Amino acid sequence: MSNMTRNRLLDGAFRAVGLLATMLGLLLLAVFLLDILRTGLGRLNWQFLSALPSRFPERAGIYTALLGTVWIMVLTALIAVPVGLAAGVYLEEYGRKSRWSALLEINITNLAGVPSVIYGLLGLNIFVRFLRMGSSVLAASCTLALLILPILIVATREAIRAVPKTLREASFALGATRWQTIWYQVLPASMGGILTGIILALSRAVGETAPLLVLGVLAYVPFAPKSPLDEFSALPVQIFNWISRPQQAFSFNAAAAIIVLLLITFGLNGLAIFLRNRWRRHLP
Amino acid sequence: MKQRERLIEALLALSAGISVLTTGGIIVMLAVEAAHFFRQVPLGTFLTDTQWTPLFADKHFGILPLVAGTLLTTGVAIAVALPLGLIIAIYLNEYATVGFRNVIKPLLEVLAAVPTVVYGFFALTVVTPFLQRLIPSMAGFNALSAGSVMGIMILPLVSSLSEDALTAVPRALREASYALGATRLQTAMRVVVPAASSGITVSVILAISRAVGETMIVAIAAGQEPRLTANPLVPVETITTYIVQVSSGDVAYGTLEYDTIFAAGITLFILTLVLNNVGYWFRQKFREQYE
Amino acid sequence: MPELEVKHVNVYYGTNHVLQDISMTIEAHTVTALIGPSGCGKSTFLRLFNRMNDFISDFRYEGSILIQGQDIYAPQQAVEELRKRVGMVFQRPNPFPKSIYDNVTYGLVLQGVRSKAVLDEVVEKSLRQAALWEEVKNDLRKSALALSGGQQQRLCIARVLAVEPHILLMDEPASALDPISTAKIEELIYDLKQQYTILIVTHNMQQAGRVSDKTAFFNYGHLIEYDDTGRLFTQPSHEQTQNYITGRFG
Ligand SMILES: Nc1ncnc2c1ncn2[C@@H]1O[C@H](COP(=O)(O)OP(=O)(O)OP(=O)(O)O)[C@@H](O)[C@H]1O
Ligand SMILES: [Mg+2]
């Protein structure tokens with residue numbers, strides 16, 4: 001009998017520990033968000049958003065970094081989305097069960113696990129030096145595009161796989177070609193999932209810091225980029241730069257810039273979740 | 001019509017080929033650049049020398065201190081993420097109600113969406129000062145706080161992959177255990193977790209790989225001092241940090257000093273490649289188990 | 001005092017009323033067969049006695065179930081203790097992915113029994129009772145998954161017997177087995193009756209006729225008829241029962 005009491009006590013104890021552990025992660029997240037808000041909110045104003053970088057923390061702003069991040073986001077999307085979609089469609093609709101597709105499969109799994117600094121090294125050698133793009137918006141976007149490509153491909157494939165087979169068969173039965181079926185039936189039907197994947201991939205790209213540092217992206221760029229070949233700065237690089245400075249005042253700047261960066265990433269993630277739920281309801 | 005279809009298929013195949021080109025590019029690039037390095041530094045020295053001081057007057061090219069720094073921060077991260085992640089997975093899967101699970105899981109995923117540079121800030125400005133109050137001898141840059149924060153970052157990875165593994169265990173086994181008078185904890189520990197062990201192993205391997213490749217948290221909070229040590233309280237440097245430190249510094253391109261980042265890079269690449277493929281292989285094996 | 005007493009039991013899954021006002025008493029050391037068409041609530045009824053339905057989130061229950069006069073749904077009742085007294089054998093064999101030995105000792109190890117001598121003895125005794133000993137005595141360390149389906153099911157029975165319950169619940173224990181294994185299980189049930197009170201769900205009328213003392217016929221969540229097996233099969237007092245046992249519906 002005492003043994004059973006002990007087992008029941010242990011069980012109850014684990015229930016408490018489990019709840020605590022589950023809450024711990026969230027608790028830390030909350031502590032951390034509150035701390036950032038407390039440190040950074042005072043610094044976050046119009047002047048901070050519109051000022052150029054500066055050696056003086058009170059005068060410095062994130063104008064160029066923020067614009068750089070927007071540039072990167074757009075250009076990365078322009079490069080990565082068509083390629084990722086096309087590759088996903090190919091793997092799911094064309095390249096089934098061949099040696100080649102088995103190779104592609106393993107390859108994508110591996111690419112998804114390559115550390116982001118390595119992508120930085122690749123971009124540095126290929127885009128910055130070999131193709132002579134320098135540390136430009138274009139070089140960074142190409143690098144980040146390669147980095148999010150596996151995510152896009154996987155998301156596209158999953159979305160396409162969820163499309164019922166009957167839809168394809170109906171289309172083929174009406175005499176549509178393979179591509180017509182994909183273009184008019186499969187892609188529209190899987191748009192929700194694909195869009196969600198794109199947004200999540202972009203939110204990942206926006207927060208990436210290490211590859212940009214490897215490419216030589218600087219924090220102090222006193223002008224906003226006007227063309228893809230211009231030098232630029234980006235929010236995460238600016239944040240890293242401010243974190244690395246010893247003066248206390250810069251850490252207020254870092255916190256304020258982090259608030260902006262988190263607004264962007266959480267905004268994108270929220271949008272993705274919203275889209276996913278919306279589209280799920282529309283599926284047959 | 002036929003031709004158009006063929007053209008489209010070729011274009012699509014080309015896009016898929018870009019992913020292969022990327023892999024090829026990474027391998028060739030690392031191999032070629034690292035070859036420059038290894039022409040001047042023998043592989044034996046690289047693997048056995050216990051100092052890494054390429055930027056000093058007295059140059060040493062032993063990768064071990066960087067590997068040690070990487071393993072140390074990774075070890076701390078796993079020590080945080082594995083028990084916590086496993087407990088969360090067991091709790092959510094065996095104890096929590098469906099409603100609770102549906103609310104908590106997306107919230108946990110938020111942890112994975114936070115950019116790592118932000119985690120670095122957290123480690124440096126919150127966790128380190130907090131830990132320093134408990135351990136006054138701890139340095140401002142150290143593996144412990146960087147590693148713990150990295151553990152929080154990979155927590156959702158461990159918990160969700162482990163949960164998948166736990167879910168895959170047939171309900172009949174749980175029922176058999178409960179029907180013999182087992183508590184939930186006994187059922188989880190004696191039946192469910194052992195049956196899911198290969199899936200849990202996968203989650204750990206992939207988590208290790210993620211931690212090994214993580215850059216910003218350690219670059220910000222663990223320090224930039226290559227040191228062959230197992231002490232988590234002193235500054236260390238990881239492979240990733242070193243790559244960022246040199247490539248964003250002012251070392252001239254084409255010099256031996258500069259080529260060190262590719263030697264470090266290829267080490268990192270091989271490390272993660274092996275981990276990912278062991279994980280992938282294990283996963284295939286564990287999928288077969290219940291199908 | 002009867003071994004089991006069921007008084008005005010109603011069971012709901014959400015809004016689905018699956019057992020309606022069931023009352024019945026069962027004497028110790030008898031075998032009771034539960035029969036009826038698929039979905040009529042036999043498994044639900046059976047799983048009331050070891051509270052396995054508690055795991056279903058929208059399960060709701062009214063009425064009272066007494067084992068030797070004790071209400072098993074009383075708040076102070078520990079379910080783990082109840083399940084030690086009320087063992088269960090499932091439709092499909094579900095051995096743990098462990099050795100034969102570890103399967104049989106599982107229940108005792110849960111209770112903290114560690115002595116090897118005790119465990120060894122229980123293993124032999126339970127496997128003998130389940131008529132499996134001779135077949136496996138030389139490879140007790142082998143994985144239970146390497147056994148045949150019929151052997152696995154007998155192992156699951158041995159596993160239950162090892163914790164020495166008073167009551168045995170069996171949910172179609174032979175439905176996944178070949179005729180020879182089925183015959184072995186039936187023989188086993190006959191032997192076990194000396195020590196246990198047994199409730200068995202079956203879709204096989206002959207089997208119900210062979211192994212049970214009493215039979216309960218369920219339909220759409222109602223207990224239609226409950227009587228001595230011989231009488232129920234030869235002179236059922238309800239037309240529904242008559243139709244069912246002669247195979248005219250269900
Ligand atoms: N977990 C559950 N959740 C909701 N409803 C359930 C659940 N299990 C069973 N039911 C419903 O309860 C009713 C009785 O099911 P039960 O499994 O007890 O039938 P049964 O007589 O054992 O059938 P069978 O002979 O096919 O095993 C059925 O209508 C079934 O749909
Ligand atoms: Mg049933």
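Taking region C:218-227 on its own, how many of its residues are assigned to a strand (DSSP E or B) and out of contact with any Ser or Thr (no Cβ under 8 Å at 6 or more places or on another chain)? Talk me through it step by step, then tell me what you get.
Residues of region C:218-227 assigned to a strand (DSSP E or B): C:218-219, C:222-227.
Still in the list and also out of contact with any Ser or Thr (no Cβ under 8 Å at 6 or more places or on another chain): C:218-219, C:222.
Counting residues in region C:218-227 that are assigned to a strand (DSSP E or B) and out of contact with any Ser or Thr (no Cβ under 8 Å at 6 or more places or on another chain) gives 3.
Could you give me the residue pairs with C-beta distances under 6 Å whose first residue belongs to region A:243-265 and is outside the structural domain of A:ALA205 (by TED's automatic domain parsing), whose second residue is at pLDDT 90 or above wherever it lies, and which are 6+ apart or on separate chains?
Nothing qualifies.
Which of the residues spanning region A:100-122 are of a type in the set (Gly, Ala, Ser), within 10 Å of chain B (Cβ to nearest Cβ) and part of a helix (DSSP H, G or I)?
First, pick out the residues of region A:100-122 that are of a type in the set (Gly, Ala, Ser): A:101-102, A:112-113, A:116, A:120.
Next, from what is left, pick out any that are within 10 Å of chain B (Cβ to nearest Cβ): A:101, A:112-113, A:116, A:120.
Passing the criteria: A:SER101, A:ALA112, A:SER116, A:GLY120.
Scan region C:29-56 and report the pairs whose first residue is under 15 Å from C:TYR73 (Cβ atoms) and whose second residue is near ligand 2 (Cβ under 10 Å from one of its atoms) and open to solvent by less than 10 Å² (accessible area, probe 1.4 Å), with Cβ atoms within less than 8 Å and a gap of 6+ or a chain change.
What qualifies is C:PHE45/C:LEU34.
Only one of (1) within 14 Å of ligand 1 (Cβ to nearest atom); (2) within 23 Å of C:ALA130 (Cβ to Cβ) fails for C:VAL86. Which number is that?
All conditions pass for C:VAL86, except number (1).
Please report, ordered by residue number, the helices (runs of 4 or more DSSP H) entirely within region B:169-251 with at least 1 residues that are away from every other protein chain (no Cβ under 11 Å). Let's see the steps before the verdict.
Values: elements: B:171-179, B:184-187, B:197-213, B:216-221, B:239-247.
Answer list for region B:169-251: B:197-213.
Whether any residue in region C:152-159 is assigned to a loop (DSSP other than H, G, I, E, B), more than 16 Å from ligand 2 (Cβ to nearest atom) and within 12 Å of chain B (Cβ to nearest Cβ) is what I want to check.
Restricting attention to region C:152-159, the residues satisfying the condition of being assigned to a loop (DSSP other than H, G, I, E, B) are none.
No, region C:152-159 contains no residue that is assigned to a loop (DSSP other than H, G, I, E, B), more than 16 Å from ligand 2 (Cβ to nearest atom) and within 12 Å of chain B (Cβ to nearest Cβ).
Could you give every pair whose Cβ atoms fall below 8 Å, whose first residue belongs to region A:147-172 and is away from chain B (no Cβ under 14 Å), and whose second residue is of a type in the set (D, E, K, R), counting only separations of at least 6 or pairs across chains?
Cβ pairs passing all conditions: A:ARG161/A:GLU92.
Which residue out of A:SER227, A:SER190, A:SER203, A:SER233 is open to solvent by less than 20 Å² (accessible area, probe 1.4 Å), in the same structural domain as A:ILE151 (by TED's automatic domain parsing) and not in a helix (DSSP H, G or I)?
Working: A:SER227 fails: open to solvent by less than 20 Å² (accessible area, probe 1.4 Å); A:SER190 fails: not in a helix (DSSP H, G or I); A:SER203 fails: not in a helix (DSSP H, G or I).
Of A:SER227, A:SER190, A:SER203, A:SER233, the one residue that is open to solvent by less than 20 Å² (accessible area, probe 1.4 Å), in the same structural domain as A:ILE151 (by TED's automatic domain parsing) and not in a helix (DSSP H, G or I) is A:SER233.
Just to confirm my filter: which helices (runs of 4 or more DSSP H) fall fully inside region B:78-150 and include at least 3 residues that are more than 7 Å from every other protein chain (Cβ to nearest Cβ) and farther than 23 Å from B:VAL191 by Cβ?
On the way: elements: B:98-113, B:116-122, B:128-134.
Per the criteria, B:98-113, B:128-134.
Taking region C:178-204 only, how many residues are within 16 Å of ligand 2 (Cβ to nearest atom) and either open to solvent by 30 Å² or more (accessible area, probe 1.4 Å) or assigned to a strand (DSSP E or B) (or both)? Lay out the reasoning, then the answer.
Within region C:178-204, the first condition is being within 16 Å of ligand 2 (Cβ to nearest atom), and the residues that meet it are C:199-204.
Still in the running and either open to solvent by 30 Å² or more (accessible area, probe 1.4 Å) or assigned to a strand (DSSP E or B) (or both): C:199-201, C:203-204.
The qualifying residues number 5.
Determine whether region A:211-222 contains at least one residue that is under 22 Å from A:LEU85 (Cα atoms), of a type outside the set (A, V, I, L, M) and in a helix (DSSP H, G or I).
Step one: filter region A:211-222 for residues under 22 Å from A:LEU85 (Cα atoms), giving none.
There is no residue in region A:211-222 that is under 22 Å from A:LEU85 (Cα atoms), of a type outside the set (A, V, I, L, M) and in a helix (DSSP H, G or I).
If A:SER190 satisfies every condition in (1) polar (S, T, N, Q); (2) more than 13 Å from chain B (Cβ to nearest Cβ); (3) in contact with a Pro (Cβ under 6 Å, 6 or more places away or on another chain) but one, which is the exception?
Single failed check for A:SER190: (3).
Quick check: anything in region B:51-69 in contact with a strand residue (DSSP E or B) (Cβ under 6 Å, 6 or more places away or on another chain), surrounded by 14 or more Cβ atoms within 10 Å (Cβ to Cβ) and within 14 Å of chain A (Cβ to nearest Cβ)?
Among the residues of region B:51-69, at least one is in contact with a strand residue (DSSP E or B) (Cβ under 6 Å, 6 or more places away or on another chain), surrounded by 14 or more Cβ atoms within 10 Å (Cβ to Cβ) and within 14 Å of chain A (Cβ to nearest Cβ), which makes the answer yes.
Please specify each residue of region A:5-36 satisfying the condition of being more than 8 Å from chain B (Cβ to nearest Cβ) and of a type outside the set (S, T, N, Q).
Of everything in region A:5-36, those that are more than 8 Å from chain B (Cβ to nearest Cβ) and of a type outside the set (S, T, N, Q) turn out to be A:ARG6, A:LEU9, A:GLY12, A:ALA13, A:ALA16, A:LEU20, A:MET23, A:LEU27, A:ALA30, A:LEU33, A:LEU34.
What's the number of the only condition in (1) open to solvent by less than 10 Å² (accessible area, probe 1.4 Å); (2) under 24 Å from the mean Cα position of the chain (by Cα) that B:PHE141 fails to meet?
Of the numbered conditions (1) open to solvent by less than 10 Å² (accessible area, probe 1.4 Å); (2) under 24 Å from the mean Cα position of the chain (by Cα), the odd one out for B:PHE141 is (1).
For region B:26-58, enumerate the residues that are within 20 Å of A:LEU124 (Cα to Cα) and in contact with a helix residue (DSSP H, G or I) (Cβ under 6 Å, 6 or more places away or on another chain).
B:ILE26, B:MET29, B:LEU30, B:GLU33, B:ALA34, B:HIS36, B:PHE37, listed by residue number.
Confirm whether C:MET1 is more than 21 Å from B:THR183 (Cβ to Cβ), exposed (fewer than 15 other Cβ atoms within 10 Å of the Cβ) and among the aliphatic types (A, V, I, L, M). Steps first, please.
Details: more than 21 Å from B:THR183 (Cβ to Cβ): yes; exposed (fewer than 15 other Cβ atoms within 10 Å of the Cβ): yes; among the aliphatic types (A, V, I, L, M): yes.
Considered against the rule, which asks whether it is more than 21 Å from B:THR183 (Cβ to Cβ), exposed (fewer than 15 other Cβ atoms within 10 Å of the Cβ) and among the aliphatic types (A, V, I, L, M), C:MET1 comes out as yes.
So, of the residues in region C:20-66 that are within 9 Å of ligand 1 (Cβ to nearest atom) and touching a Leu at 6+ places or on another chain (Cβ under 8 Å), which turns out to be nearest to B:TYR178 (Cα to Cα)?
So the residue we want is C:ARG47.
For A:LEU263, are the conditions met, namely being modelled with pLDDT under 90, away from chain B (no Cβ under 11 Å) and assigned to a helix (DSSP H, G or I)?
no
Every residue in region C:160-177 that is among the aliphatic types (A, V, I, L, M), within 16 Å of ligand 1 (Cβ to nearest atom), assigned to a loop (DSSP other than H, G, I, E, B) and within 14 Å of another protein chain (Cβ to nearest Cβ), please.
Within region C:160-177, just C:ALA176 meets the criteria.
Any residue at all in region A:175-182 that's crowded, with 19+ Cβ neighbours inside 10 Å and under 30 Å from A:PHE266 (Cα atoms)?
no
The values are calculated or read from the model by the stated rules, or taken from the named source; none is laboratory data. In this text the structure is predicted, and so the values were computed from the model without any measurement. Cβ coordinates were reconstructed from backbone atoms using ideal geometry, including for glycine residues, and neighbour counts include every protein chain displayed. Side chains are part of the model used for accessible areas, which takes the heavy atoms of the whole protein and leaves out ligands, DNA and RNA. Shrake-Rupley method; radii C 1.70, N 1.55, O 1.52, S 1.80 Å.
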